[in-house]
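Down below is the structure, laid out as structure tokens.
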């Protein structure tokens, strides 16, 4: 791998490649109720962050990032599978501005189509070169278990009276961080990286993922609804224990605490009022800034891990740019 | 592989090995709601037919059937995963004389524990020797897709006015036959068989699986409830389009046809009466014998495929005995 041969590979290149890879994916026509929902979900957009990260990580070590496509598509399909099942569990009516699978079809179809998507992910993964399959499969399985563990913790939190910041970070590490970490790690392995570089990228992805989820929590309250693509305040209305709420529960004292606890779980307050009053509490407690500071902590950890990766600055640019955009994203 | 070194390996040996393998499986303690249901399901008995077939097929070609254990356990866990999700979809309250996961815990837990079980299956599969992993993973993925397709067809049949015998056989080939076929094929591959022997065993398993499901349909009506372990007539009461019902719908004429169609979907007739009247129709139309004849057809196909496998008669004995018992099983 010589430097002069390097053709810059952008995140947009990666996302385009993923989109193309998904579009040429051959799914059987029948049974229609099984495969139509999969086509529907996979054509439904999304930012394709995870598969692009697979290709991007591969491009750090190889001039042929395309060789990581089977793993990239596997990750994207696995991610979408988890969304289909999570949406059933959360009774979510809408995803990416479209009805969720269990609403558009029904619950049984959403369960079974999801199951097939997870198999489809492994089917794509089986296209990884044989000499690297065992290693990649192990990384994939580990993250797949972790994502499920994170989802279970998230559901457990619903019924928990209090959740500590530490528990919350652990949950999002599993539910969100793990798959970003594995995406970078698999891409690196497929590009022929050393184990230590692949591990450093795993750590980078894990911290980026935590940062990413904190941004998501922040956007739900402080984001621009026009850009965010979904109604802000959704987490507030569902009393979801986000980083913001957990932090507010930790910090609120006196009358602010009373106001906070009177709002949590309160379904009688009109939606708009509840969101407004909760946002006021967050502003009084400086929760927005605290959240952004926390994001920065994990962003710095991610950057430090990326520094350890033994490739040229030029090669790292794609991930640095991505990480920077992640910090500022408004959707 | 010399003949004199062969130590007979029985199906009971295989089942014992599987039971032991499952018992030493290490699952994380937390989150408890995720892993407790898995422990519950895997310790719940079952005949361990599929994993035993993996080991049995391996024993045809190798004196170390234990080397197929990762694949055997993967198959058993995958099978149990499909049962957990099928039971949600079918609203089944009981499985193997115990409450189903979605009844004992709840639906969300059953969805997510099932998801983890499918990942766990792939985790075990990753223990297959690297040089054979690509091939085994492809066989596994193919059957996993087929099992889901079969389940979808089965659900589609619920709302179908009529189902042809051909469609029904296709459905059970996918839902039941495919996994038995893949079990034998993977065992063979892991034992070092030729591709043609592995393919012959796939065909053998597929036909055994069809035969197995026809026996299940027959047992629901004509089995001894004491031995069958579940109430007979369950399929009749749920108006399930089994081979028996499909055949009866095809053959009934005149007043028998009227009686048959007056019973299908009829929830006002008391349970015991409905089962009795339906059984009378089956007896008049000779459906029991027709079903057993059909079983015999697929049993003969399975035997013919087994004949093609190029190993000694002594080695084949384990599968021949198993196939014979399958034909006569009363549970």
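Observations, loosely collected:
- Using a 7 Å projection from Cα along Cα-to-Cβ, the label point at residue B:16 is separated from the same position in the remaining copies by 6.4 nm, smallest value first.
- GNM result for chain B, Cα springs below 10 Å: residue of B:37, B:28, B:225 fluctuating most strongly: B:28
- Nitroxide proxy distance, nm - points 7 Å out along Cα→Cβ at residue A:227 and residue A:269: 2.7 nm
- Taking chain A as a Gaussian network of alpha-carbon nodes connected by springs under 10 Å, the highest mean-square fluctuation of the residues A:303, A:113, A:43 belongs to A:43.
- Note on B:82, B:134: ascending count of other Cβ atoms within 10 Å places them as B:134, B:82, the fewest first.
- Across peptide B:82-95, the mean count of Cβ atoms from other chains lying within 10 Å of each residue's own Cβ comes to 2.
- Rg [Å, one decimal], Dmax [Å, integer] - region B:207-305, C-alpha atoms: 13.9, 47
- Annotation for residue A:91 and residue A:130: the two label points, set 7 Å from Cα along the Cα-Cβ direction, are 5.2 nm apart.
- Per-selection metrics, region B:1-94 (Cα): Rg and Dmax in Å: 15.6, 52
- Two-decimal Rg/Rh across region B:221-272, once Rg and the Kirkwood Rh are taken from alpha-carbon atoms: 1.00
- Per-residue ellipticity at 222 nm computed for chain B from its helices equals -23500 deg cm²/dmol, with DSSP H segments shorter than 4 residues left out and the rest contributing -39,500 (n - 2.57).
- For region A:157-251, the extents of the C-alpha atoms along the principal axes are 47, 32, 21 Å, listed from largest to smallest.
- Shielding by partners, peptide A:103-110 (average Cβ within 10 angstrom, other chains): 2
- Label-point spacing for residue A:312 across the identical copies (point 7 Å from Cα in the Cβ direction), in nm and ascending order: 6.4.
- Cβ-Cβ FRET estimate between residue A:313 and residue A:239, R0 fixed at 56 Å, reported to 0.05: 0.80
- Residue exposure sequence - B:267, A:98, A:33 - by fewest surrounding Cβ within 10 Å: B:267, A:98, A:33
- Estimated FRET transfer efficiency when R0 is 22 angstrom, pair residue B:32-residue A:47 (beta carbons, to 0.05): 0.05
- Counting 0.36 nm for each residue step from residue B:104 to residue B:10 and taking away their Cα separation leaves a gain of 30.3 nm.
- Ranked by how many other beta carbons lie within 10 Å on average, peptides A:254-264, B:70-80 from highest: B:70-80, A:254-264
- Per-copy distances of the residue B:264 label point, shortest first, in nm (7 angstrom along Cα→Cβ): 5.6
- Efficiency of FRET between residue B:196 and residue B:325 - r from beta-carbon atoms, R0 25 angstrom, step 0.05: 0.40
- In this label model, residue B:300 and residue B:165 are separated by 1.4 nm, measuring between points 7 Å along each Cα→Cβ vector.
- For the protein assembly as shown, the average shadow cast by the Cα convex hull is 32.2 nm², which is a quarter of the hull's surface.
- Residue exposure sequence - A:49, B:169 - by fewest surrounding Cβ within 10 Å: B:169, A:49
- Computed over every Cα-Cα pair of chain A and binned at 20 Å starting from 0, the pair-distance distribution P(r) comes out as 31, 56, 13, 0 percent.
- Other protein chain Cβ atoms within 10 Å, averaged over every residue that makes up A:112-125: 6
- Only Cα pairs under 8 Å and 6+ residues apart enter the sum, and on that basis the relative contact order of chain B stands at 19 percent.
- Per-residue extension of 0.36 nm, minus the Cα-Cα distance of residue B:158 and residue B:292, leaves a gain of 45.9 nm for this segment.
- Length-normalised contact order for region B:214-331 - Cα pairs under 8 Å, 6+ apart - percent: 36 percent
Every number in this text was worked out from the coordinates using simple rules, so none of it is lab data. What you see is a predicted model, and the numbers here were worked out from it, not measured in a lab. Virtual Cβ from ideal backbone geometry, glycine too; neighbours counted across all protein chains shown.
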